[in-house]
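Engineer: Below is one structure. I have some questions about it.
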Amino acid sequence: MNSLLQAKPLSSHTAKSLSGVCRVPGDKSISHRALMLGGLASGETRISGLLEGEDVINTLKTMQMVGALARKDGDYWVMHGTGNGLMLAPDEAFEFGNSGTGCRLCMGLFGAYDFKTIYKGDASLSSRPMNRVLNPLREMGVQVLEEEGEGRLPITLQGPWQTAPIEYVVPVPSAQVKSAILFAGLNTPGITTVVEPHLTRDHTEKMLKGFGAELEVETAKDGTRRISVEGQGKLVGQDVTVPADPSSAAFPLVAALIVEGSEITLPDVMLNEARVGLITTLMEMGGDIEITNKCNSGGEEIGDLIVKSSELKGITVPAERAASMIDEYPVLAIAASFAKGETNMLGLHELRVKESDRLAAVARGLEANSVPCEEGEDWLKVQGRPDGKGLGGGTVTTHLDHRIAMSFLVMGMASEKPVTVDDGSVMETSFPGFVSLMNRLGGDVR
């Protein structure tokens, strides 16, 4: 857990150019789900490419606390699961650190069991709302015995003798809420259904099918999706290959676009349609991004990205694209800072309840580094300066948010003056080795 005593300030300085092959860590969303389902399924699950950041390791420890066995075997993590419906009551509280995904999905996974579970996190996670997951779980019969304030950690849950299946319309686009309900449905008799008016990440649906769950997805003409899972079925261990995380790839990708004379290759990046909003947006802005070597791996499309420095132009990013790139808006704001004209980003209300109030954190960081911007309740306008003159020179408060830290370190690679973040240690949650990787490409972060 971070504190002021452990904070590690870092500064990023102007880079001459970036070049080389940049292999980013495995996808965090897939890594979390692979550990959860591998720890639940009968038999052995072998996972390659697992992201070994703090968030994912906390999920691994959590699964071990309910009876799953895990060991490292060369490049693989090997899980021996408990079997669906056979997880054990934990002896201690779960510690999730900064991981909203791990915490919310585990609330669904464990909430359907007739035992008590306690969920804790760091200061950032403890400030984030959990009612969006707790409310449907309450409908299924889960009791919230203790909570801090209104739906905030630490939270204590008590599952019923038997949860009740529900049909739940997700009020805001959230893959975490959808996944938590589906996971709760795994130990619930009957059919549990989530109705999703807007497409969100579908990793959970794909992986559940891969592990043998009886799951159906129906898509209406208006795009509304009904995802139904039959409870109390058998899940069987699988081999899982975790592709490169597109949210992590976003940082070197944007850096290569804005640092003059750059060309890098990002291999094996996941290209799931619900995750490529940033790539689409950057191409619309004039980004030179070539996608090659497309193939399918474990139900997910992957490919290599060849990225070259580009003259970007400001655009309006539609609100309906937000769900497919919600984690990438901080680094998109950095790209916009070096684009010609104004970039207008809409539909950003979900950024208010991420690891930090990301919308406010980005706006304050831009202001501290002389980037003209305007912030609304759910929108952000950024006026770019293509040559980077006059930009930088400020210190950014990260609020224990890894994506804020990495985004502004990317900014310093193209701005006239260095950019400093107050704590770079938070990057270990999702991108271990970020600084060394960027410096190998030609960056100057220290």
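Engineer: Collect the residues in the stretch 354-406 that are among the aliphatic types (A, V, I, L, M) and farther than 22 Å from ILE315 by Cβ, keeping them in residue-number order. I'd like the intermediate steps shown before the answer.
Structural biologist: In the first step, residues of the stretch 354-406 are kept if they are among the aliphatic types (A, V, I, L, M); the result is 359-363, 366, 368, 371, 380, 382, 391, 396, 400, 404-406.
Listed by number, the residues that qualify are ALA360, ALA361, ALA368, VAL396, LEU400, ILE404, ALA405, MET406.
Engineer: How many of the residues in the stretch 353-365 are touching a residue at least 40 places away in the same chain (Cβ under 8 Å) and surrounded by fewer than 20 Cβ atoms within 10 Å (Cβ to Cβ)? Even if it seems obvious, please write down each step before you answer.
Structural biologist: Filtering the stretch 353-365 down to residues touching a residue at least 40 places away in the same chain (Cβ under 8 Å) leaves 353-358, 361-362, 365.
Those still in the list that are surrounded by fewer than 20 Cβ atoms within 10 Å (Cβ to Cβ) too: 353, 357.
Final tally of qualifying residues: 2.
Rundown of residues vs (1) assigned by TED's automatic domain parsing to the domain that holds ALA41; (2) surrounded by fewer than 17 Cβ atoms within 10 Å (Cβ to Cβ); (3) in a loop (DSSP other than H, G, I, E, B); (4) acidic (Asp, Glu), yes/no style:
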{"residue": "TYR168", "(1), (2), (3), (4)": "yes, no, no, no"}
{"residue": "LEU199", "(1), (2), (3), (4)": "yes, no, yes, no"}
{"residue": "ILE227", "(1), (2), (3), (4)": "yes, no, no, no"}
{"residue": "LYS234", "(1), (2), (3), (4)": "yes, yes, yes, no"}
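Engineer: If only one of ALA405, ALA368, ALA333, ALA323 is within 17 Å of SER248 (Cα to Cα), surrounded by fewer than 24 Cβ atoms within 10 Å (Cβ to Cβ) and either touching a residue at least 24 places away in the same chain (Cβ under 8 Å) or in contact with a His (Cβ under 8 Å, 6 or more places away or on another chain) (or both), which one is it? Steps first, answer last, please.
Structural biologist: Details: ALA405 fails: surrounded by fewer than 24 Cβ atoms within 10 Å (Cβ to Cβ); ALA368 fails: within 17 Å of SER248 (Cα to Cα); ALA333 fails: surrounded by fewer than 24 Cβ atoms within 10 Å (Cβ to Cβ).
ALA323 is the lone residue from the list that is within 17 Å of SER248 (Cα to Cα), surrounded by fewer than 24 Cβ atoms within 10 Å (Cβ to Cβ) and either touching a residue at least 24 places away in the same chain (Cβ under 8 Å) or in contact with a His (Cβ under 8 Å, 6 or more places away or on another chain) (or both).
Engineer: Out of VAL133, VAL142, I need the residue that is more than 25 Å from the chain's Cα centre (by Cα) and over 16 Å from HIS32 (Cα atoms). Which one?
Structural biologist: On the way: VAL133 fails: more than 25 Å from the chain's Cα centre (by Cα).
Every option except VAL142 fails the conditions.
Engineer: Of everything in the stretch 285-303, what is surrounded by fewer than 22 Cβ atoms within 10 Å (Cβ to Cβ), under 24 Å from GLU263 (Cβ atoms) and over 20 Å from the mean Cα position of the chain (by Cα)? Give them in sequence order.
Structural biologist: GLY286, ASP288, ILE289, GLU290, ILE291, THR292, ASN293, LYS294, CYS295
Engineer: Something else: Given the residues GLY412, GLY347, GLY341, which is the only one that is more than 23 Å from GLU273 (Cβ to Cβ), surrounded by fewer than 21 Cβ atoms within 10 Å (Cβ to Cβ), modelled with pLDDT of 95 or more and not hydrophobic (A, V, I, L, M, F, W, C)? Step through it out loud before you land on a result.
Structural biologist: Numbers: GLY412 fails: surrounded by fewer than 21 Cβ atoms within 10 Å (Cβ to Cβ); GLY347 fails: more than 23 Å from GLU273 (Cβ to Cβ).
Of the residues listed, the single one that is more than 23 Å from GLU273 (Cβ to Cβ), surrounded by fewer than 21 Cβ atoms within 10 Å (Cβ to Cβ), modelled with pLDDT of 95 or more and not hydrophobic (A, V, I, L, M, F, W, C) is GLY341.
Engineer: Are any of the residues in the stretch 44-53 within 30 Å of ALA213 (Cα to Cα), modelled with pLDDT under 95 and touching a His at 6+ places or on another chain (Cβ under 9 Å)?
Structural biologist: yes
Engineer: Out of the residues in the stretch 256-284 that are aliphatic (A, V, I, L, M) and closer than 30 Å to GLN238 by Cα, state the one that is surrounded by the fewest Cβ atoms within 10 Å (Cβ to Cβ). Lay out the reasoning, then the answer.
Structural biologist: Of the residues in the stretch 256-284, the ones aliphatic (A, V, I, L, M) are 256-259, 264, 266, 269-271, 274, 276, 278-279, 282-283.
If we keep only those that are closer than 30 Å to GLN238 by Cα too, we end up with 266, 269-271, 274, 276.
Details: LEU266: 24, VAL269: 25, MET270: 23, LEU271: 19, ALA274: 15, VAL276: 19.
The selected residue is ALA274.
The values are calculated or read from the model by the stated rules, or taken from the named source; none is laboratory data. Treat the numbers as computed from the prediction; the structure is a model and nothing was measured. With ideal geometry, Cβ positions are generated from the backbone for all residues, glycine too; neighbour counts draw on all protein chains shown.
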